[in-house]
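Chemist: Pasting in a structure now, in C-alpha cells, and then I'll have a few things to ask.
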Ligand SMILES: [Zn+2]
C-alpha cells in the first residue's frame, strides 16, 4: 500500500514536471512568434511568413515540429532551417527527401533510435531537433549565403539556451561550426536568464564528420551514462 502511494506521488510529481515543461515551452514559442530582432537582417520569423499560416503547430521552429520531445535525452541543433521560399513551398514541413534529414535518420538508427519521416504521422517523437537560427533566410531552397553573425546572437541568446535548459538533454549534438559556436556560447555564458536553472551537463560535438563519430560512439556512450564527454 505504501509502495502504491509512493508510486502515485512519484507519478504525480512527474506529471507536474511535464506540465510545467509544456507551459514553459509554449511561453517560449509565443515569445519567438513575437520576436522581431532579426527583421532588419532580412530574415523572417515564421509567424510573419504568409501571416503565420504555417506556424500554428505550437513549436519553437519548423524542425522541432518533426521531432520535439521535451524530455529527450538527445538534442540535435542545426544551423538554420532554410529559406522563406522553401518554407512556403513545403507549407512549413520538411521534405521527406531532404538529404540531411535522410542522413540523420540513418545515423540515429545506427544508435537504435528510430524516427519516422517528417510527413508521416507519429505518436511521439524520440529526440528534440532545433536550429540555432529560428528565422528563415531570404530566397528559395535550402542553401544560400550564411545568415549574418548577429542573427546567431539574436536567436541563440533568446531561444537556444532556454531550449537546452528546458529539455535538459544528456547529449547535445550540433551540425556544423556555426551551430556548435551558438550552443557553446550558450553553455559558457556566465549570465543566467530569469528562472536561474543551470546548464545541463551535456556533451557537445560538432561537424558532419564528427557528427557521424558522435552518434556511433560518443553520443551512445553519453546517452547511456548521462556523463559529459571530454
Ligand atoms: Zn531571429
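The values are calculated or read from the model by the stated rules, or taken from the named source; none is laboratory data. In this text, all values refer to a predicted model and were calculated from it rather than measured experimentally. Here Cβ is always computed from backbone atoms with ideal geometry, including for glycine, and neighbour counts include all displayed protein chains.
Chemist: Of the residues 39, 48, 84, 33, only one is in contact with a helix residue (DSSP H, G or I) (Cβ under 7 Å, 6 or more places away or on another chain), closer than 20 Å to residue 152 by Cβ and free of Cβ contacts under 8 Å to residues at least 24 places away in the same chain; which?
Modeler: On the way: 39 fails: in contact with a helix residue (DSSP H, G or I) (Cβ under 7 Å, 6 or more places away or on another chain); 48 fails: in contact with a helix residue (DSSP H, G or I) (Cβ under 7 Å, 6 or more places away or on another chain); 84 fails: free of Cβ contacts under 8 Å to residues at least 24 places away in the same chain.
That would be 33, the only listed residue that is in contact with a helix residue (DSSP H, G or I) (Cβ under 7 Å, 6 or more places away or on another chain), closer than 20 Å to residue 152 by Cβ and free of Cβ contacts under 8 Å to residues at least 24 places away in the same chain.
Chemist: Still on this structure, please answer the following. Just a yes or no: is a residue in the stretch 60-72 within 16 Å of the ligand (Cβ to nearest atom), surrounded by fewer than 18 Cβ atoms within 10 Å (Cβ to Cβ) and closer than 21 Å to residue 93 by Cβ?
Modeler: no
Chemist: So if I check each of 132, 151, 109, 125, which one is assigned to a helix (DSSP H, G or I) and surrounded by 16 or more Cβ atoms within 10 Å (Cβ to Cβ)?
Modeler: So the residue among 132, 151, 109, 125 that is assigned to a helix (DSSP H, G or I) and surrounded by 16 or more Cβ atoms within 10 Å (Cβ to Cβ) is 151.
Chemist: Return the residue satisfying two criteria in turn: it lies in the stretch 83-94 and is assigned to a loop (DSSP other than H, G, I, E, B) and surrounded by fewer than 16 Cβ atoms within 10 Å (Cβ to Cβ), and of such residues it is modelled with the lowest pLDDT.
Modeler: Looking at residues that are assigned to a loop (DSSP other than H, G, I, E, B) and surrounded by fewer than 16 Cβ atoms within 10 Å (Cβ to Cβ), I get 93.
Chemist: Limited to the stretch 111-137, what total is found for residues that are modelled with pLDDT under 85 and closer than 11 Å to residue 66 by Cα?
Modeler: Total meeting the criteria: 4.
Chemist: Additional query: Do you know which of the residues in the stretch 34-48 that are part of a loop (DSSP other than H, G, I, E, B) and surrounded by fewer than 18 Cβ atoms within 10 Å (Cβ to Cβ) is nearest to the ligand (Cβ to nearest atom)?
Modeler: Among those that are part of a loop (DSSP other than H, G, I, E, B) and surrounded by fewer than 18 Cβ atoms within 10 Å (Cβ to Cβ), it is 37.
Chemist: Can you pull out the helices (runs of 4 or more DSSP H) entirely within the stretch 156-216 that have at least 1 residues that are modelled with pLDDT of 55 or more?
Modeler: Output list reads 161-167, 177-188.
Chemist: Sticking with this one: For residue 19, state whether it is modelled with pLDDT of 85 or more and within 16 Å of the ligand (Cβ to nearest atom).
Modeler: It is false that residue 19 is modelled with pLDDT of 85 or more and within 16 Å of the ligand (Cβ to nearest atom).
Chemist: Of the residues 136, 142, which is within 20 Å of residue 29 (Cα to Cα) and in contact (Cβ under 8 Å) with a residue 60 or more places away in the chain?
Modeler: On inspection, the qualifying residue turns out to be 136.
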